[in-house]
Amino acid sequence: MFTCMTSSPEETGHLAELVGQKIREGTVLCLEGDLGAGKTLFVQSLAHTLGVEGDVTSPTFNLMNVYEGICRIYHFDLYRLETEEELEDIGFYEYTEEPEGIVVIEWPNKFPESLPEDYIEVRIRKLGENSNERQIDFSSIGAKNQEFIKELEEFVNTGH
Ligand code: ADP
Ligand code: MG
């Protein structure tokens, strides 16, 4: 696990850009954090870094967005889902079990039992009610991304 602090949307965007430069196809990224933490902003910057040109918006109502960049990016938001059956209906497991491209999931904690074995967790915490300060924790769940998280930490801290 490693932690980054940001003080503005731009700084969080820059951090997501660094992740976008390093991330590998086949990775699932789960974004935890309350409403307004910066999950969607993070995904926007990540997707643009991966060559997505159109709008990147929270798929709160349509549940999943697909973007075309240098690879395909599947963007889920589980906030409005009520049952595990709905999750199955939108094809969640097909996308997350052996992911092609990159899968990003907002509100993964709604369905902790349904998450894949391996993923990168990005937890964004707002430090104070009206604050722009964010604490962002990166961790690897499962064995697959352990090395990657170490490389990412080094890249974020040193630029190489
Ligand atoms: P979420 O998807 O987690 O609900 P959004 O990304 O939609 O949140 O919104 C985050 C909001 O917080 C944006 O309006 C953004 O400008 C603002 N913000 C302020 N400071 C930061 C920061 N350090 N990092 C990310 N967003 C920030
Ligand atoms: Mg959002």
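If you take the residues of region 56-79 that are among the β-branched types (V, I, T) and surrounded by 16 or more Cβ atoms within 10 Å (Cβ to Cβ), which of them is nearest to ligand 2 (Cβ to nearest atom)? The qualifying residue nearest to ligand 2 (Cβ to nearest atom) is V56.
So which of G54, G101 is in contact (Cβ under 8 Å) with a residue 24 or more places away in the chain and farther than 19 Å from G36 by Cα? It is G101.
Applying the set (1) under 30 Å from H160 (Cβ atoms); (2) surrounded by fewer than 15 Cβ atoms within 10 Å (Cβ to Cβ); (3) within 13 Å of ligand 1 (Cβ to nearest atom) to R24 leaves exactly one unmet item: (3). Hey, does region 39-55 have a residue that's among the charged types (D, E, K, R) and either in contact with a strand residue (DSSP E or B) (Cβ under 7 Å, 6 or more places away or on another chain) or within 16 Å of ligand 2 (Cβ to nearest atom) (or both)? Within region 39-55, one or more residues are among the charged types (D, E, K, R) and either in contact with a strand residue (DSSP E or B) (Cβ under 7 Å, 6 or more places away or on another chain) or within 16 Å of ligand 2 (Cβ to nearest atom) (or both). Taken as a whole, the structure places G36 among residues that are surrounded by fewer than 16 Cβ atoms within 10 Å (Cβ to Cβ), part of a loop (DSSP other than H, G, I, E, B) and within 16 Å of ligand 2 (Cβ to nearest atom).
So for region 61-68 (the condition being in contact (Cβ under 8 Å) with a residue 12 or more places away in the chain, part of a strand (DSSP E or B) and touching a Phe, Trp or Tyr at 6+ places or on another chain (Cβ under 7 Å)), does at least one residue qualify? Yes: region 61-68 contains one or more residues that are in contact (Cβ under 8 Å) with a residue 12 or more places away in the chain, part of a strand (DSSP E or B) and touching a Phe, Trp or Tyr at 6+ places or on another chain (Cβ under 7 Å). Of all the criteria given as (1) in contact with a helix residue (DSSP H, G or I) (Cβ under 7 Å, 6 or more places away or on another chain); (2) free of Cβ contacts under 8 Å to residues at least 40 places away in the same chain; (3) assigned to a helix (DSSP H, G or I); (4) not aromatic (F, W, Y), the one not satisfied by E85 is (1). Annotation: E97 fulfils all but one of (1) at pLDDT 95 or above; (2) of a type outside the set (S, T, N, Q); (3) surrounded by fewer than 15 Cβ atoms within 10 Å (Cβ to Cβ); the unmet one is (1). Filtering region 125-145 to residues that are within 11 Å of ligand 1 (Cβ to nearest atom) and crowded, with 21+ Cβ neighbours inside 10 Å leaves R134, I136.
Please work out which residue is farthest from S114 (Cα to Cα), limiting yourself to region 1-13 and to residues that are exposed (fewer than 15 other Cβ atoms within 10 Å of the Cβ) and touching a helix residue (DSSP H, G or I) at 6+ places or on another chain (Cβ under 8 Å). Here the residue is F2.
The values are calculated or read from the model by the stated rules, or taken from the named source; none is laboratory data. As the structure is a computational prediction, the values presented were derived from the model and not from experiment. Here the Cβ is made from the backbone with ideal geometry for all residues, glycine too, and neighbour counts use every protein chain on show.
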